[in-house]
1. Label segment 338-477 by shape, choosing from rounded, prolate and oblate, from the square roots a ≥ b ≥ c of the eigenvalues of the Cα gyration tensor; if a/c is under 1.5 it is rounded, and otherwise prolate applies when a/b is larger than b/c, oblate when it is not.
2. Accessible area, 1.4 Å probe, largest first: how do 88, 237 sort?
3. Check the straight Cα-Cα distances from residue 249 and name the lysines below 30 Å, setting aside those fewer than 8 residues away within the same chain.
4. State the Cα centre-to-centre distance between segment 1-54 and segment 96-153 in whole Å.
5. Pop out the ³J(HN,Hα) list for segment 303-320 in order, Karplus 6.51 cos²θ - 1.76 cosθ + 1.60 with θ = phi - 60°, rounded to Hz; leave Gly and Pro as x.
6. Given a Förster distance of 30 angstrom, what is the FRET efficiency for residue 269 paired with residue 199, based on the Cβ-Cβ distance and rounded to 0.05?
7. Just to verify a number: what accessible area does residue 454 come out at with the full protein assembly present, 1.4 Å probe, Å² rounded to tens?
8. Please give the FRET efficiency for residue 466 paired with residue 365, using the beta carbon to beta carbon distance and R0 = 30 Å, rounded to the nearest 0.05.
Amino acid sequence: PRASYYWLRIHGVNAAGVGAGGVLKTKCSDAPDKPDSPTRVTSTSNSITINIRPSNLHDAYLTGFQVYVDDGAGGPWSVDNILDTTQRTFTKYGLSPGLPYRFKYQVVSEVGMSPLSDILTHYAAATPDPPIVYVTGTNSDGIFLAWTPGFHGGSPVTEWRVYGSKTGLGWPTDTWTTTASAMYVVSDPTLYSQFIDCRTAFDVDVRGTVYDGYLYFKVAGVNAAGTGQGSDSFRFRCSAPPVQPDPPKKVSGTPSSITISYGPKPEDATSGAIYTGYKILFDDGYSGEYSEVLITQTSQTEYTIGGLVAGLQYQIRVKVLSEVGESPLSDPLLVTIGAEADPPSAVHYVSSDNCPEADGTTVVDCELTVGWDFPGSNGGSSIDSWHLYYAGTYADLIAKAPDDQDQTLSSSMSPPAATLLCRDVAGADTQKDIYFRVAAVTRVGVGRYSPVSKIFCANRPDAPVVTDKDGNEHSFT
């Protein structure tokens, strides 16, 4: 019957007769079938371990395997005999890193050898080292994730796998392993970045109205040795960076410094991202290179820039920083360095003309000329002009803003003076009390106000008439 043992005696015969012969025990069975291809179990930069499996033995006993490995360069094969019939893996050592080695094997039974398996190529390589993950930026829809590759393990990386999690524990539901489901597969191995669309990948609104927590990412490389270990978990918030802030505002100044105020815009409050500070940038006063100051205290919204040159105009900008990125630069504040000019003296009466006379003559073009002195400091920047303010009441005068002057006068006038028509000032009569104050204007801005003066709009008194009344030898009246 098939697969039974048979003992065969074979004798040689020659002219002298039949020889002694010998006995052979054998089984009536086919040789093993062709085995499956040798799959890779694991590998390092100098070794490869493959699977070897018996094929159909046709009831014969397995006696071993023969494994063939080339030299990694398409050259000759070496043969390793495996006599342990329980062995199901084979490791080839002493290989050169990064070379592709070809493997094939045969199954050996008591009746013969199988056909050779198909050839499979495996690299002498480990899986890729974990990359270093970081974020290059965010926009209104998601995150620009990037990574720096580690050692490829001895075999070129063929693709990158990007994994995402809302908790850092489930990827997406279980602990991360090399068999976890990737969120993105980057098929170009030379591309080290992937845009994460938070809306579709996580159902996250980047302005924080749906999900204002953190997201977690891992990246792993794949090569001929398999999927590498994932990167360290990288936490990031899926939020847009701060919007462009308003230009900084001047708070005060000296001949060598300026204090500014700044802050984020209200619309940033809905992003969910945490503020991390500010960057203050200012040029050299000649529209040259910018210097940068980092403010890490988010509660600090004023900063004094020192060491500046009086009279030069500086450009000052600001950026708002958050955990997801930086805002665009603000538009520049253009400011000339110097202290505010000191206040001039109080406005005083100089002359008047065409005002009503005592006889009741009606005159509508009553003119009043006023003047002032400037004994103080210009703050380090020359005076360009004067701002003169006047009103019919004290309350109306002090309500005027620095740029709400009634007259602008050239600084070249010496001594400074101004003429106005009394009828142009609010009030019922041509003759009235008018309230005044004045300020010097430099490239730094409008200086400090003079004290308030109240001047009656009328002609000055006429010259008195002097007559001789009486006298004696020592005096006269």
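1. Working: a/c = 3.05, a/b = 1.68, b/c = 1.81.
It is oblate, given that a/c is not under 1.5 and a/b is not larger than b/c.
2. Sorted by accessible area, descending: 88, 237.
3. Once the sequence-local lysines are set aside, what remains near residue 249 is 265, 279, 319, 400.
4. The two parts, judged by their Cα centres, are 35 Å apart.
5. Values, residue by residue: 8, 9, 9, x, x, 9, 9, 4, x, 8, 9, 10, 9, 10, 10, 9, 10, 9 Hz.
6. 0.90
7. Around 120 Å² of this residue is reachable by solvent.
8. Given R0 = 30 Å and the Cβ-Cβ separation, E is 0.40.
The values are calculated or read from the model by the stated rules, or taken from the named source; none is laboratory data. Computed from a predicted structure; not experimentally measured. Neighbour counts run over all protein chains shown; Cβ positions are idealised from the backbone, glycine included. Ligands, DNA and RNA are stripped out before the accessible areas are found, and what is left, the full protein with its side chains, is counted by its heavy atoms. Shrake-Rupley method; radii C 1.70, N 1.55, O 1.52, S 1.80 Å.
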